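Single-structure report; data block below.
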Amino acid sequence: MSQDPELAEEPEPVGFGRRRVLGLVAGGAATAGAGLGAGAAALVQNEQSPEPQRPGRAWETVRGTGPGQPGIAEAPPAHLRLLAFDLEPAAAKAALTAWTNLAAELAAGQADLGLAPAALTVTAGLGQSLFAKLGRPVPGQLTMPSFAGDRLEEQRGGGDVLLQVCAEDPMVVAFAAEKLRRVPGTRLRWQQSGFRPTAAASVNPAATARNLMGQLDGTANPAPGSGLFDSAVWAQPSGTTFLVYRRIRMLLGTWHDTPPAVRERVIGRRLTDGAPLTGKAESDPPELNRRDAGGEYVIAADAHIRLANPGVNRGARMLRRGYSYDDGPEDAGLVFLAFQADPRTAFVPVQERLAASDALNRFTVHTGSGVYLVPPASGTCVGAAVLGL
Ligand code: HEM
């Protein structure tokens with residue numbers, strides 16, 4: 001296999017251990033596997049070119065090596081586009097096949113447009129409306145109750161199919177979205193962009209990324225490759241998982257007008273370094289039972305990390321892989337994305353508890369929602385097995 005030693009020695013980008021493959025691929029029509037040979041040719045050209053050095057991830061082709069789709073266990077790249085579609089039932093199989101092929105082509109790089117792979121992943125999820133439309137039993141995991149305080153907007157949620165497009169380069173995401181949108185028999189229902197800090201702009205690219213409230217967000221996630229991750233994320237058949245999407249507006253004016261000590265109380269962690277209020281370092285486990293001299297909980301009774309903690313939610317765990325969004329004045333916040341084995345025992349009970357009493361609720365409004373079955377990676381037509389296509 002032609003893997004360039006220089007690329008292989010690139011420092012590991014942000015975060016946790018991932019299953020990924022490095023390689024350069026030329027030619028949009030190549031499948032990811034077949035394209036690695038062609039990549040060697042592209043690499044020679046680039047080695048000879050006087051172009052300035054690019055960060056390693058711009059060159060990566062990402063492929064999941066396990067049964068799950070890419071775009072779940074890998075460290076999230078800097079840019080996100082969610083595309084939700086409604087399908088004509090008769091076109092469902094052709095559309096899912098087209099998206100499967102496009103996902104492999106796009107991951108190989110859009111050489112026709114002069115674009116490197118940029119760590120692009122396309123991850124497809126199936127909504128309950130698609131099962132209903134095709135006369136298939138709707139999996140129980142796809143039923144989402146409404147929660148106290150929800151202010152959901154119809155045009156910002158649901159959809160037969162959700163495509164999660166992630167890449168290090170916004171041009172790569174935009175061109176990919178354009179191609180994915182042109183599949184016949186499909187109608188774009190809504191889309192949402194998001195972003196995270198880039199490695200290039202981070203003082204410490206290995207650090208947990210901050211959200212638009214300035215908090216370190218993602219600290220207590222299960223680590224990919226661990227048993228905890230596997231049991232939290234993967235369902236049967238092997239490689240299946242469920243994605244919960246929430247578009248959460250942050251009331252940033254109110255947040256920034258609130259004194260820092262109160263903001264820290266709301267979450268239960270320090271703003272500067274993400275350490276729990278009972279600890280010294282970000283990685284210290286929160287001590288939920290510790291009380292101060294006055295007998296009050298150090299991590300408040302309504303602090304976000306207390307109410308979301310697996311210990312008070314029957315062990316509920318999920319992989320949060322969210323992005324920030326900024327859609328203009330008074331509309332910025334969190335594109336909450338969480339992968340889990342079963343939302344009925346993870347997102348739903350946690351969100352019920354948060355909706356009832358989270359101190360963070362004063363500063364947030366949930367405006368969009370969706371839950372999708374993310375089928376295993378497929379050679380030819382993603383979701384064909386579970387949809388009986
Ligand atoms: C704008 C809304 C939200 C913000 C700003 C936010 C922010 C945070 C922050 C700063 C942490 C602590 C650091 C970390 O472990 O990542 C955290 C933890 C967590 N959040 Fe959120 N969160 C939001 C919404 C949600 C929602 C909707 C859920 C799920 C229903 C959720 C579930 C969790 C979980 C499970 C943890 C880890 C708790 C632990 O084990 O300590 N969060 N969140």
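The values are calculated or read from the model by the stated rules, or taken from the named source; none is laboratory data. It should be emphasised that the depicted structure is a prediction, and the values quoted were computed from it without experimental measurement. Virtual Cβ from ideal backbone geometry, glycine too; neighbours counted across all protein chains shown.
Restricting attention to the range 295-330, the residues that are surrounded by fewer than 16 Cβ atoms within 10 Å (Cβ to Cβ) and either within 16 Å of the chain's Cα centre (by Cα) or within 13 Å of the ligand (Cβ to nearest atom) (or both) total 4.
Is one or more of the residues making up the range 193-212 under 23 Å from A104 (Cα atoms), part of a strand (DSSP E or B) and among the hydrophobic types (A, V, I, L, M, F, W, C)? Yes: one or more hits.
Among residues of the range 225-237 that are in a helix (DSSP H, G or I), those with a beta-carbon under 6 Å from a residue that is of a type in the set (S, T, Y) and crowded, with 18+ Cβ neighbours inside 10 Å at least six positions away or on a different chain give the pairs V233/T241. Only one entry in G71, G33 is modelled with pLDDT of 50 or more, of a type outside the set (S, T, N, Q) and in a loop (DSSP other than H, G, I, E, B), namely G71. With respect to (1) of a type outside the set (D, E, K, R); (2) under 21 Å from the mean Cα position of the chain (by Cα); (3) modelled with pLDDT of 95 or more, the lone exception for S378 is condition (3).
Only residues that are among the hydroxyl-bearing types (S, T, Y) and either in contact with a His (Cβ under 6 Å, 6 or more places away or on another chain) or outside any helix (DSSP H, G or I) (or both): list them for the range 251-270, please.
Residue satisfying the conditions is T258 alone.
Within the range 106-148, work out how many residues are closer than 28 Å to A235 by Cβ and not in a strand (DSSP E or B). Total meeting the criteria: 26. Among the residues of the range 336-358, those that are surrounded by fewer than 22 Cβ atoms within 10 Å (Cβ to Cβ) and either more than 11 Å from the ligand (Cβ to nearest atom) or farther than 16 Å from A308 by Cβ (or both) comprise A341, D342, R344, T345, A356, S357. The set of residues in the range 233-246 that are surrounded by 21 or more Cβ atoms within 10 Å (Cβ to Cβ) and more than 10 Å from the ligand (Cβ to nearest atom) comprises V233, W234, T240, T241, F242, L243, Y245. Consider the range 362-377 and keep the residues that are under 17 Å from V266 (Cβ atoms) and either crowded, with 18+ Cβ neighbours inside 10 Å or among the hydrophobic types (A, V, I, L, M, F, W, C) (or both). The one that is nearest to the ligand (Cβ to nearest atom) is T364.
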